[in-house]
Amino acid sequence: MNWTMPADVRSQIAKLWTQGKLLASLATNTPLFPLRLAFRAPTAAEMVNHFDEVRVWIRDLHALPCCRIETRSFRHRELGNNAVPAEVWIDNFDDAVALIGKQAEAAQFATVLDITTRLQPAWVTWLTRKPLQALALAPDWEQFLAIAAWCQEHPRPGIYLRQMDLPAVHTKFIEIHRAPLAELLDLVLAPEAIDRAETGAGRFASRYGFREKPERIRFRILDQSRMPTWPGDDITITAEAFAQLDPPVETVFMTENEINFLAFPPVDNSLIIFGSGYGFALLHQAHWLSRCRIHYWGDIDTHGFAILDQLRHHFEHVSSFLMDFATLMAFKHLWGMEATPTKRDLTMLTITEQALYNKLRDNQLGKNLRLEQERIGFSWLELAIREI
């Protein structure tokens, strides 16, 4: 029978909960109730032909708590007049949350809303948009409020996050909650306290004027004769120092694999940089790279080409290295699978690179195939270097 059952009534209210509409109504003070629910009653024929089932249905609906049942009269030829449910109403917020067993959560959100309205009223709009996320953060909400108040009193403080004078707030808490905290700080800090050019969770400290841990770049000198005074050939320095380096080299290699980085053979007038991935912001201030030939060596998979594409947005003259169809086919026996390939269009690839990327993206050679750079034989690498 396609009649509205007690479970269907609860399901309609549960949907309002999971959509955030019930809690949002508290934040906006917009009344949802009384609310008439969608309702399917037995037809006249069903009531005549299935009267026993209808009586059970009526009993179960009337037993449902926190609901108001409106009825209509139905006359049975043998049993006389009967009151049959015709509408189901939820009269108020408390009845709604009680029906689905969310009283404790609703009370917790109301507490968050109350303290937020008093201390950071600008955040109420965020509570309205993301009430379920706010509920999930409710146990730590006082820490969010404390951080916001401190940042308002100390705009762009120029200290490390660990130096914040808030004993109850530790650095790891901020690291874990950077995304929602950034959304909330943007709502209450003065415009001059926010560097809106610094975006993304990884730039949280810079966005709000805290000191960043110095970012470091690791590289190897592949021609020791060009830099004989440097201590060894495996060097790690700050990104700022790297930008000012301007070494006497003509060629720069970049690779994502540490063993490839360490085993890369000597090359005249060259150095090699290890592991930038998608984070090329570290390199863009090193203007001396623009005068060098740059060869990027990544995996032959969709993300390898996506990283190459992103790198070319910083240095258009980058050439791909060992990321070609011949290399892919030469090591066919070592193909693997890419877990989560990207499907987006890339605009900075050459015609040849684009053709191979399309084959990988469209699974023309196999499903989600990849050739990891560390699987390429060393002799193949040496041959490629000689042909540069």
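Key figures for this structure:
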item: Residues satisfying the stated conditions in the stretch 189-209, i.e. open to solvent by 60 Å² or more (accessible area, probe 1.4 Å) and more than 27 Å from residue 119 (Cα to Cα); result: 197
item: Residues (of a type in the set (A, V, I, L, M) and over 13 Å from residue 208 (Cβ atoms)) located in the stretch 130-171; result: 132, 134, 135, 136, 137, 138, 145, 146, 149, 166, 168, 169
item: Matching residues in the stretch 196-221 - criterion: being more than 30 Å from residue 253 (Cα to Cα) and touching a residue at least 24 places away in the same chain (Cβ under 8 Å); result: 204, 205, 207, 208, 209, 210, 211
item: Any hit, the stretch 219-228, residues being assigned to a loop (DSSP other than H, G, I, E, B) and modelled with pLDDT under 90; result: yes
item: Qualifying positions in the stretch 17-37 - under 31 Å from the mean Cα position of the chain (by Cα) and assigned to a loop (DSSP other than H, G, I, E, B); result: 19, 20, 29, 30
item: Number of the condition not met by residue 63 [criteria: (1) farther than 25 Å from residue 130 by Cα; (2) surrounded by 14 or more Cβ atoms within 10 Å (Cβ to Cβ); (3) of a type in the set (A, V, I, L, M)]; result: (2)
item: Lone qualifier among 349, 328, 334, 311 - being open to solvent by less than 10 Å² (accessible area, probe 1.4 Å) and within 18 Å of residue 365 (Cβ to Cβ); result: 328
item: Members of the stretch 283-321 that are of a type in the set (Lys, Arg) and in contact with a strand residue (DSSP E or B) (Cβ under 7 Å, 6 or more places away or on another chain); result: 293
item: Qualifying positions in the stretch 210-262 - open to solvent by 60 Å² or more (accessible area, probe 1.4 Å) and among the aromatic types (Phe, Trp, Tyr); result: 230
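The values are calculated or read from the model by the stated rules, or taken from the named source; none is laboratory data. Everything numeric in this text was worked out from a predicted model, so none of it was measured. Don't worry about glycine lacking a Cβ; one is built from the backbone with ideal geometry, like all the others, and counts go over all protein chains shown. These area figures cover heavy atoms from the full protein model, side chains too; ligands, DNA and RNA do not enter into them. Shrake-Rupley method; radii C 1.70, N 1.55, O 1.52, S 1.80 Å.
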